[in-house]
1. Under a crude label model (7 Å from the Cα following the beta-carbon direction), how far is Glu66 from Tyr174 in nanometres?
2. With a 1.4 Å probe and all protein chains left in place, how much accessible area per residue does the range 167-240 have, in Å²?
3. If you rank Tyr174, Tyr183 by how much accessible surface each has, with a 1.4 Å probe, what is the order from largest down?
4. Could you report the accessible area of Leu35 in Å², rounded to 10, computed with a 1.4 Å probe on the protein chains as they sit in the structure?
5. Per 0.36 nm of contour for each residue apart, how much would the distance between Thr126 and Gln78 grow if the chain were fully extended, relative to their Cα-Cα spacing?
6. If R0 is 51 Å, what FRET efficiency do you get for Leu236 and Asn56 from their C-beta distance, rounded to 0.05?
7. Would you list Asp230, Asp218, Asp75 from the most to the least accessible area, probe 1.4 Å?
8. With labels modelled as points extended 7 Å from the Cα through the Cβ direction, what inter-label distance (nm, one decimal) is found for Thr141 paired with Thr36?
Amino acid sequence: MKKSFAALSFTAMLLASNSFSGASANSYSYLDEILTLQPDVSSNELMSSVEEIAKNTGETEQQILEQIYKELKNDQAQGLAEAKSNQTNGDSGGTVSVGNSTKGNFYYTPSQTAYLDHGHVGLYYTSTTIVESVPSAGVRTISTTARKVDSSGALVKSVSTTTTNRNNAANWAYSQVGQSYSYNFATNRSTGHNGAKNCSKLIWSAYKLNGNLDLDDDGGLGVYPRDVRDAPSTKLVRNI
């Protein structure tokens, strides 16, 4: 895949100004590779997050870029390993309705968003209404009959917490309807709970704010849909 002009220009600027003080050339290749894996995320947005994380953790920007890159590659490898013959994207597609479930549960489906098979998750706001974040619309609601997925690999899970936390998490997610979509999975744990968000950030924030649960299986810098799916505090309800 060709690197965008913006990505190349930003890398050239970094090299010229030596903004990564003492960093090896490897850090610059990490930056390029990350932007290739997440082409809809601007270099400015990425580096702003990296700088903020570096300030808060004491790690170097090079170390953070390397961690982001490895996490993205691991997620990519997992997606390829789980690949099915008929995958949908985060917006639509598929032939099987997700079906009804309990408020606060979520569904997962194999899905391609931003050129990678990150998977996709959506939260049950009511037994028949999903709240989710998709590229075309941002955070939206959709009926369970209208929300179609592929049957292979799709499932519904519950979160092991109180009914109050599940209800409050779903209500909070619903309060975000109308927020725009963010393609930034790589550092979405460190971005604000409000504002633009992708599907996994929506559910992660909902339960982080309501129950202090961390629905992130690996605890990396980014929370991806499969991280939510595989979080220890979740339980399979049914396969779709």
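The values are calculated or read from the model by the stated rules, or taken from the named source; none is laboratory data. As the structure is a prediction and not an experimental result, all values here were calculated from the model. Using ideal geometry, Cβ is built from the backbone for each residue, glycine included, and neighbour counts are taken over all protein chains shown. Calculation scope for accessible area: heavy atoms of the full protein, side chains included, ligands and nucleic acids excluded. Shrake-Rupley method; radii C 1.70, N 1.55, O 1.52, S 1.80 Å.
1. Result: 4.7 nm between the two label points.
2. Accessible area per residue, the range 167-240: 37 Å².
3. My answer, sorted largest first, is Tyr174, Tyr183.
4. The value for Leu35 is about 20 Å².
5. Taking 0.36 nm per residue and subtracting the Cα distance, the gain is 14.2 nm.
6. Calculated value: 0.90.
7. Largest accessible area first, the list is Asp218, Asp230, Asp75.
8. Computed distance between label sites Thr141 and Thr36 equals 4.3 nm.
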